[in-house]
Amino acid sequence: MKQNLIETLLDISEQEKERLLAAIQIDAITESPYLEKESTESQEYRQFFQSLFQEILHFEDNEQQLLFEIARYVRHKYLENKGNLRGVIEITNACERSCNYCPMRIENEELGDRYNFSSEKILETAIEIKEAKIPIVFIQAGEIKATTKTVSRAIPKIRQLFENNVIILLNLGDKPKEDYTILKEAGANQYIIKFETSNWNLHKQARGYLLSDRLNRIDDLLSLGYEVGSGTIVGLKAVNANGKIEIEQTPKMLANDLLLAMRKKVHMCSASPFVPGKGTPLAQMSAGNASMTLNWMALARIMMPKVMIPSVSALNVLLGQDGQLKGLQAGANTITVNFTPPNYQDQYAIYSKQKRYKVKYEYALDIMEKAGIEPILLPNMPSRSFLLSQN
């Protein structure tokens, strides 16, 4: 019976899926207060996907293993079990936002010193990524205006360093379309901008601004030709001034998160379990459901066969050393390796200094091998000393 639910999804052709999704109104997915009336067709197709997704999200034990097996089958069919390694450089922990779940929020004085890398420091770190033969340089930062200038200066030098055999992935937050244009013209290829939740009210409470603004940024990036990544936080909550939960994420919201990612036709899609961070309004809340996170990832692979799905380090925080391996076994195909200089890694507290798991290169290669995934790497590269002598 449970297998029939997955088979129902597998039986939908890509063309039919496109047709169904196109009919679903985004304001209905997000439960926007500006939705006047949902069309009958939108309601029918939305509820069809929601019902299936919600039931599958609750799979456990043998049912869950069947789900993962099918997700791996889909990955092999479309991607031939090729995987991606990304080398991340976390260039600043300064942030102008006040997201309730993030320790880097502007109000968090417990984080300590805020740091900023120069374009030269970014390039120096990129050399290590090239030495590791990793073809994706991932530049990540808290949300501040200054990163546009710093990163746009660094990108052409990184491209020269890699002889243009590189993908430049950015995660720099909300910016005006003009800034995205500057970064694209400098040579950026991909951009991650997670909506974190598709629910209008939860987003407003957790992030402090309108979901529609975030979705507009996704549209800006897509219109400029970026490959765009987005996704969800599983277990996200909103609290009031007294620390009491006002909005708690539901399986229906998680189903809508996947629908929204599909509707936006993103190229990369992630699910990360919520990890409470020190110095945030959600510091005392319980962590997200790791099992449901894995089910969401498997569903994403089945519904979006060709997208890049990372197995995030937060899985190791909740599940131990094999957390990211379990993510790969659930259908993910991407691991991010941390190349931020060690003396800065604790300061980039996406969860908290105590809880963060820093992914090393050897570990990433090991779990990919265990998962039967072959990472896409660059051919042999010159030595570090030679690369340094050329810059």
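What follows is calculated from the coordinates using simple rules that are stated; it is not laboratory data. What you see is a predicted model; the values in this text were computed from it and never measured. Virtual Cβ from ideal backbone geometry, glycine too; neighbours counted across all protein chains shown.
Tabulate in residue order the Karplus-calculated ³J(HN,Hα) for the stretch 330-343, using 6.51 cos²θ - 1.76 cosθ + 1.60 with θ = phi - 60°, rounded to whole Hz; enter x for Gly and Pro.
In residue order, the calculated couplings are 8, x, 5, 9, 9, 10, 9, 9, 8, 10, 4, x, x, 6 Hz.
Which residues' amide hydrogens lie under 5 Å from the amide hydrogen of Gly231, considering only partners 5 or more residues apart or on another chain, with H built in the peptide plane?
Result for Gly231 returns Phe195, Glu196, Ser270.
Apply the Karplus parameterisation 6.51 cos²θ - 1.76 cosθ + 1.60, with θ equal to phi minus 60°, to every residue of the stretch 214-224 and state each ³J(HN,Hα) to the nearest whole Hz, in sequence, with x for glycine and proline.
5, 5, 5, 5, 4, 5, 4, 5, 4, 5, 8
Evaluate the relative contact order of the chain (contact order divided by residue number), counting alpha-carbon pairs under 8 angstrom at least 6 apart; express in whole percent.
22 percent
To the nearest 20 Debye, how big is the dipole of the stretch 77-385 about its Cα centre, given +1 on the beta carbon of each Lys and Arg and -1 on that of each Asp and Glu?
Dipole of the stretch 77-385, to the nearest 20 debye: 400 debye.
Which value, in nm² and rounded to one decimal, describes the direction-averaged projected area of the C-alpha convex hull of the stretch 65-176?
Its Cα hull, projected and averaged over all orientations, spans 10.0 nm².
On average, how much area does the Cα convex hull of the stretch 177-245 cover when viewed from any direction, in nm²?
5.2 nm²
Can you give me the orientation-averaged projected area of the convex hull built on the Cα atoms of the stretch 1-88, in nm²?
Reported value for the Cα convex hull: 8.7 nm².
Please state, to two decimals, what the Cα-based radius of gyration of the stretch 224-381 comes to when divided by 2.2 N^0.38 Å (N = residues). Before the final figure, lay out each step's value.
Details: Rg = 16.4 Å, N = 158, 2.2 N^0.38 = 15.1 Å.
The reported ratio for this selection is 1.09.
How much mean residue ellipticity at 222 nm does the chain get from its helices, if each DSSP H run of length 4 or more adds -39500 (n - 2.57) and you divide by all residues, to the nearest 500 deg cm²/dmol?
-14000 deg cm²/dmol
Return, in residue-number order, each cysteine of the chain whose C-beta is not under 4.7 Å from any other cysteine's C-beta.
Cys95, Cys269
So what J values fall out for the stretch 274-285 if you push phi through Karplus, 6.51 cos²θ - 1.76 cosθ + 1.60 with θ = phi - 60°, rounded to Hz, Gly and Pro as x?
Here the 3J(HN,Hα) series is 4, 10, x, x, 5, x, 10, x, 9, 4, 9, 7 Hz.
Could you sort the peptides 111-119, 284-292, 125-133 by per-residue average Cβ neighbour count (10 Å cutoff), highest mean leading? It would help to have the intermediate numbers written out before the result.
On the way: 111-119: 15.8, 284-292: 17.7, 125-133: 20.9.
With the highest mean Cβ count within 10 Å placed first, the list reads 125-133, 284-292, 111-119.
For all pairs of alpha-carbon atoms in the chain, what percent lies in each bin of width 10 Å, listed from the first bin to the last filled one?
Per 10 Å bin, starting at 0, the Cα pair percentages come out as 5, 23, 34, 27, 10, 1, 0.
How many times 2.2 N^0.38 Å is the alpha carbon radius of gyration of the stretch 207-313?
1.13
Which order do peptides 86-96, 185-195 fall in by mean Cβ count within 10 Å, highest first?
Packing proxy ranking, top to bottom: 86-96, 185-195.
Under the rule of at least 5 residues apart or a separate chain, name every residue whose amide H is placed under 5 Å from the amide H of Glu246.
It is Ala238, Val239, Asn240, by chain and number.
Between the stretch 139-177 and the stretch 256-272, what is the separation of their alpha carbon centroids in Å?
If we compute the Cα centre of each part, the gap is 23 Å.
Run down the aspartates and glutamates and flag those whose C-alpha is under 12 Å from the C-alpha of Lys82, throwing out any fewer than 8 positions away in its chain.
Leaving aside aspartates and glutamates fewer than 8 places away in the same chain, those within reach of Lys82 are Glu369, Glu374.
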